[in-house]
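Trainee: My questions all concern the structure below.
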Amino acid sequence: MTEVIIPVILCGGSGTRLWPASREHRPKQFLPLIDDRSLLQNTALRALRISGATGGNLVTVTHAALAPQVKAQLLAISPDAAQHILSEPSSRNTAAAVAYAAAYIERTFGPNTTMWVLPSDHHIGNEDEMDNALLHALPAARDGLLVTFGIRPTRPDTGYGYIRLGSAVAGTSVYRTQAFVEKPDRATATSYLNAGNYLWNSGMFLFSTAALLDEYRNHASGILETVAQAMHAAPHATTANATYYGTITEVPFDKAIMEKSVNVAVVPCDPSWSDIGSWESLWEIGEKDHNGNVILGNAVCENTRDCLIHAQGRLLTCAGLENMVIVDTGDAVLVAARSDGDAMRSLVKTLKNNGHVEVSHSILSTASLSAAA
């Protein structure tokens, strides 16, 4: 496609759902979980390929503590991709991050721009389908609609928010949204799947910068005004003032803007999407051997089926196992039922409450960690 837009990558998150590979100080977006590039690098390259934007038009929003890692990884894929890294002095959720990006883009690139907002840690297996969805979304964004990308559900998943489809926009593949729905229980998710008019909320958005800023002025003016103050009080627009920024209300972008606006639309699509929110989801999209195992690193398996094995450094061996996750990072080992995400969340919470520093960072030396990665 020829139209240039501004990809905006949101690069936050605590990084504990894929513990111990992912840590609070090195979240999953910085890890090569799919191939030899990190999720962040793959997101940036995919966004540039599909949108036709240059590296110099890429905007990334991250926490100040993560900014050096973001810069290093973006420089590794393009010398221009690290020009516009916005450093949040504190994490204030996605409504603040998107407002910061919009205000910065208006100042730097002008109001007549189109923003494509993307999480840094998602996987897209079918780029052609994503390209097609973006092509359908662009006219709606030009008309002032806030467009989200809804994923056609394949199972009654309770880990995603849902979007209820409204009427189709005449002559297009775009639909008005009737409602954004919180993560449901299993029975409700099953009813959504059977109804056929619900989509998973992917967290990807497309809109004109001018239209988005108008929506902030209408529905979240306090956030936008404080972002402007934080940018004005900082020595550079890419480093917001901590005092002002820290007072912004913590609220997700969906709740602050998308759920309140009357100008919201959705493009249904199926780009083989995953938010890689668990070891189970990584196993689902991973390349499997003849026994259904996804093996990353130096591992040997015998009579082992449908497992995910992630080894960093030393040899990891498995025998007689099914449906397990085994992860060895050198300073920590995880052995868990592959599909029990609730137990995984409880485990990480317990580790944190008990003061285990491995939740936040590796206790290996920097040199050892680099060698293992």
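Trainee: Only one of 191, 173, 167 is assigned to a loop (DSSP other than H, G, I, E, B), more than 20 Å from residue 275 (Cβ to Cβ) and either touching a helix residue (DSSP H, G or I) at 6+ places or on another chain (Cβ under 7 Å) or not hydrophobic (A, V, I, L, M, F, W, C) (or both). Can you tell me which?
Mentor: On the way: 191 fails: assigned to a loop (DSSP other than H, G, I, E, B); 167 fails: assigned to a loop (DSSP other than H, G, I, E, B).
Testing whether each residue is assigned to a loop (DSSP other than H, G, I, E, B), more than 20 Å from residue 275 (Cβ to Cβ) and either touching a helix residue (DSSP H, G or I) at 6+ places or on another chain (Cβ under 7 Å) or not hydrophobic (A, V, I, L, M, F, W, C) (or both) leaves just 173.
Trainee: All but one of (1) under 13 Å from the mean Cα position of the chain (by Cα); (2) free of Cβ contacts under 8 Å to residues at least 40 places away in the same chain; (3) not in a helix (DSSP H, G or I) hold for residue 9; which doesn't?
Mentor: Here residue 9 clears every test but (2).
Trainee: Does the range 226-245 include one or more residues that are among the aromatic types (Phe, Trp, Tyr), closer than 19 Å to residue 165 by Cα, touching a residue at least 60 places away in the same chain (Cβ under 8 Å) and in contact with a strand residue (DSSP E or B) (Cβ under 9 Å, 6 or more places away or on another chain)?
Mentor: First pass over the range 226-245, keeping only residues among the aromatic types (Phe, Trp, Tyr): 244-245.
The next check asks that each one be closer than 19 Å to residue 165 by Cα; those that pass are none.
So far as the range 226-245 goes, no, none of its residues is among the aromatic types (Phe, Trp, Tyr), closer than 19 Å to residue 165 by Cα, touching a residue at least 60 places away in the same chain (Cβ under 8 Å) and in contact with a strand residue (DSSP E or B) (Cβ under 9 Å, 6 or more places away or on another chain).
Trainee: Just checking, which of 90, 22, 38 is touching a residue at least 40 places away in the same chain (Cβ under 8 Å) and in the same structural domain as residue 132 (by TED's automatic domain parsing)?
Mentor: Numbers: 22 fails: touching a residue at least 40 places away in the same chain (Cβ under 8 Å); 38 fails: touching a residue at least 40 places away in the same chain (Cβ under 8 Å).
From the options 90, 22, 38, the qualifying one is 90.
Trainee: Would you mind finding the one in 79, 111, 20, 27 that is in contact with a Leu (Cβ under 8 Å, 6 or more places away or on another chain), surrounded by fewer than 18 Cβ atoms within 10 Å (Cβ to Cβ) and at pLDDT below 95?
Mentor: Values: 79 fails: in contact with a Leu (Cβ under 8 Å, 6 or more places away or on another chain); 20 fails: surrounded by fewer than 18 Cβ atoms within 10 Å (Cβ to Cβ); 27 fails: surrounded by fewer than 18 Cβ atoms within 10 Å (Cβ to Cβ).
That would be 111, the only listed residue that is in contact with a Leu (Cβ under 8 Å, 6 or more places away or on another chain), surrounded by fewer than 18 Cβ atoms within 10 Å (Cβ to Cβ) and at pLDDT below 95.
Trainee: Report yes if residue 215 is over 25 Å from the mean Cα position of the chain (by Cα), part of a helix (DSSP H, G or I) and charged (D, E, K, R), otherwise no. Before you say what the answer is, go through the steps one by one.
Mentor: On the way: over 25 Å from the mean Cα position of the chain (by Cα): no; part of a helix (DSSP H, G or I): yes; charged (D, E, K, R): yes.
It is false that residue 215 is over 25 Å from the mean Cα position of the chain (by Cα), part of a helix (DSSP H, G or I) and charged (D, E, K, R).
Trainee: Does the range 196-214 hold any residues that are in contact with a Lys or Arg (Cβ under 7 Å, 6 or more places away or on another chain) and without any contact (Cβ under 8 Å) to a residue 24 or more places away in the chain, and which are they?
Mentor: Within the range 196-214, the first condition is being in contact with a Lys or Arg (Cβ under 7 Å, 6 or more places away or on another chain), and the residues that meet it are 197-199, 208.
Answer for the range 196-214, where residues must be in contact with a Lys or Arg (Cβ under 7 Å, 6 or more places away or on another chain) and without any contact (Cβ under 8 Å) to a residue 24 or more places away in the chain: there is none.
Trainee: On to the next question. Can you name the number of the only condition in (1) farther than 30 Å from residue 296 by Cβ; (2) touching a helix residue (DSSP H, G or I) at 6+ places or on another chain (Cβ under 7 Å); (3) buried (at least 17 other Cβ atoms within 10 Å of the Cβ); (4) among the polar types (S, T, N, Q) that residue 249 fails?
Mentor: Result: residue 249 passes all but (3).
Trainee: Which count do you get for residues in the range 325-335 that are surrounded by fewer than 19 Cβ atoms within 10 Å (Cβ to Cβ) and either hydroxyl-bearing (Ser, Thr, Tyr) or within 16 Å of residue 293 (Cα to Cα) (or both)?
Mentor: Adding up the residues that qualify gives 1.
Trainee: Can you list the helices (runs of 4 or more DSSP H) lying wholly within the range 259-373 that have 1 or more residues being within 30 Å of residue 174 (Cα to Cα) and touching a residue at least 12 places away in the same chain (Cβ under 8 Å)? Walk me through how you get there before you give the answer.
Mentor: Values: elements: 279-285, 341-353, 366-372.
Qualifying helices (runs of 4 or more DSSP H): 279-285.
Trainee: Within the group 198, 244, 216, which residue is assigned by TED's automatic domain parsing to the domain that holds residue 105, within 30 Å of residue 62 (Cβ to Cβ), buried (at least 21 other Cβ atoms within 10 Å of the Cβ) and in contact with a helix residue (DSSP H, G or I) (Cβ under 6 Å, 6 or more places away or on another chain)?
Mentor: Working: 198 fails: within 30 Å of residue 62 (Cβ to Cβ); 244 fails: buried (at least 21 other Cβ atoms within 10 Å of the Cβ).
That would be 216, the only listed residue that is assigned by TED's automatic domain parsing to the domain that holds residue 105, within 30 Å of residue 62 (Cβ to Cβ), buried (at least 21 other Cβ atoms within 10 Å of the Cβ) and in contact with a helix residue (DSSP H, G or I) (Cβ under 6 Å, 6 or more places away or on another chain).
Trainee: Of the residues 289, 254, which is among the charged types (D, E, K, R) and outside the structural domain of residue 311 (by TED's automatic domain parsing)? I'd like the intermediate steps shown before the answer.
Mentor: Working: 289 fails: outside the structural domain of residue 311 (by TED's automatic domain parsing).
Among 289, 254, only 254 is among the charged types (D, E, K, R) and outside the structural domain of residue 311 (by TED's automatic domain parsing).
Trainee: If the requirement is being more than 22 Å from residue 242 (Cβ to Cβ) and assigned by TED's automatic domain parsing to the domain that holds residue 122, which of these qualifies: 43, 60? Reasoning before the result, please.
Mentor: Details: 60 fails: more than 22 Å from residue 242 (Cβ to Cβ).
From the options 43, 60, the qualifying one is 43.
Trainee: When you scan the range 60-74, do you find a residue that is of a type outside the set (Ser, Thr, Tyr), out of contact with any strand residue (DSSP E or B) (no Cβ under 9 Å at 6 or more places or on another chain) and assigned to a loop (DSSP other than H, G, I, E, B), even just one?
Mentor: Within the range 60-74, not a single residue is of a type outside the set (Ser, Thr, Tyr), out of contact with any strand residue (DSSP E or B) (no Cβ under 9 Å at 6 or more places or on another chain) and assigned to a loop (DSSP other than H, G, I, E, B).
Trainee: Let me ask another. Can you go through 102, 140, 95 and tell me which one is under 16 Å from the mean Cα position of the chain (by Cα) and part of a helix (DSSP H, G or I)?
Mentor: Details: 102 fails: under 16 Å from the mean Cα position of the chain (by Cα); 140 fails: under 16 Å from the mean Cα position of the chain (by Cα).
After applying the criteria, what remains is 95.
The values are calculated or read from the model by the stated rules, or taken from the named source; none is laboratory data. As the structure is a computational prediction, the values presented were derived from the model and not from experiment. Neighbour counts are summed over all protein chains in view; Cβ atoms, including those assigned to glycine, are modelled from backbone coordinates with ideal geometry.
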